[in-house]
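This is the structure, below, for whatever I ask next.
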Amino acid sequence: MAKKGKKYQEVAKLINKAELYDVEPAFEILAKTATAKFDETVEAHFRMGLDGRHADQQIRGAIVLPHGTGKSVKVLVFAKGEKEHEAQAAGADYVGGEELAQKIQKENWFDFDVVVATPDMMGVVGKLGKVLGPKGLMPNPKSGTVTMDLEKALKEIKAGKVEYRLDKQNIVHTQIGKVSFGAQKLQENFLAIVDAINKAKPAAAKGQYIKSASVACTMGPGIKINPAKLG
């Protein structure tokens, strides 16, 4: 394992690894752990008391964060006819159909962050499942990325919409902003995600729903948050 740098070791001293922090102090500490010269991304991670192997224990959805993500997002839209013009007018970075699917397959082209599609284009998009799926880019109705309302979808994505979903390790990973947002705005974005995850709780969930939670900036150590305070 690579040895952590001096800066990392210094900021790690700010964190008591044995402590489960309340939300407010966790973000006050987080703001002090950013040492990189760039504006670091802040992520939240939740280990869930779910078994994703069962369909009735899956969670997936999307939310527009109160303060956005601080990231400029490139959106690829699969649409045709009038919907193609709607997507262009709404600010899509790339719009098209079969030709874009071919470009992805043949050129390994991935100069985009989100893929949106109208339902009638899912026949074309479905063929890309093996390449889009592993990257988390496959459009899905539950996250609002398979829709006829392209104007609304693009507006939300550009405003800072993030998707949350249970992975194979039963963990939810999501961005909650940039270090430059400051502790208060990051805390508000985090609580918005927690609220969305709680509202998505499946009826089949048993025991403790959020088993553990942590936040960290790109180059910093993780800070554990008390899951008992997130219910």
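Between Gln175, Val95, Ile29, whose Cα lies farthest towards the positive end of the dipole of the chain when Lys and Arg beta carbons carry +1 and Asp and Glu beta carbons carry -1, centred on the Cα centre?
With unit charges placed on the Cβ atoms, the residue in question is Ile29.
May I ask you to give the solvent-accessible area per residue for the chain, in square angstrom, as obtained with a 1.4 angstrom probe?
I get 54 Å² per residue for this part.
A further question follows. Net charge near Ala204, counting Lys/Arg +1 and Asp/Glu -1 over other residues with Cβ under 13 Å of its Cβ?
Net local charge, Ala204 excluded: +1.
While we're here: Using R₀ = 22 Å, calculate the FRET efficiency as 1/(1 + (r/R₀)^6) where r is the Cβ-Cβ separation of Lys199 and Met148; round to 0.05.
0.35
Considering every Cα-Cα pair within the chain, what fraction, in whole percent, is farther apart than 33 Å?
Taking all Cα-Cα pairs of the chain, the fraction more than 33 Å apart is 24 percent.
A further question follows. Limiting things to C-alpha atoms, what are the Rg and the maximum Cα-Cα separation (Dmax) for the stretch 106-231, in angstroms?
Final numbers for Rg and Dmax: 16.8, 49 Å.
For every other residue with a beta carbon closer than 11 angstrom to the beta carbon of Ala26, add +1 if it is Lys or Arg and -1 if Asp or Glu, then tell me the sum.
In short, -2.
What FRET efficiency, computed as 1/(1 + (r/R0)^6) with R0 = 25 Å and r the Cβ-Cβ distance, is obtained for Gln184 and Lys6, rounded to the nearest 0.05?
Efficiency computed from Cβ-Cβ geometry: 0.25.
Working out 0.36 nm times the residue gap between Glu43 and Glu24, then minus their Cα-Cα distance, what length gain in nm do you get to one decimal?
Once the chain is fully extended between Glu43 and Glu24, it gains 5.3 nm.
Take a quick pass over the stretch 36-128 and tell me how many lysine pairs come in under 21 angstrom between Cα atoms, counting only ones 8 or more apart or on separate chains.
10
Okay, next question. Pick from Ala55, Ala196, Ala44: which residue has the top mean-square fluctuation in a GNM of the chain where Cα pairs under 10 Å get a spring?
Looking only at Ala55, Ala196, Ala44, the largest GNM fluctuation is found for Ala55.
Can you give the extra length, in nm with one decimal, that the chain gains between Ala159 and Lys127 once fully stretched, where that is 0.36 nm per residue apart less the Cα-Cα distance?
Taking 0.36 nm per residue and subtracting the Cα distance, the gain is 8.6 nm.
The values are calculated or read from the model by the stated rules, or taken from the named source; none is laboratory data. Keep in mind the model is a prediction, meaning the values are calculated, not measured. Neighbour counts run over all protein chains shown; Cβ positions are idealised from the backbone, glycine included. Surface areas here come from the heavy atoms of the whole protein model, side chains and all, with no ligands, DNA or RNA. Shrake-Rupley method; radii C 1.70, N 1.55, O 1.52, S 1.80 Å.
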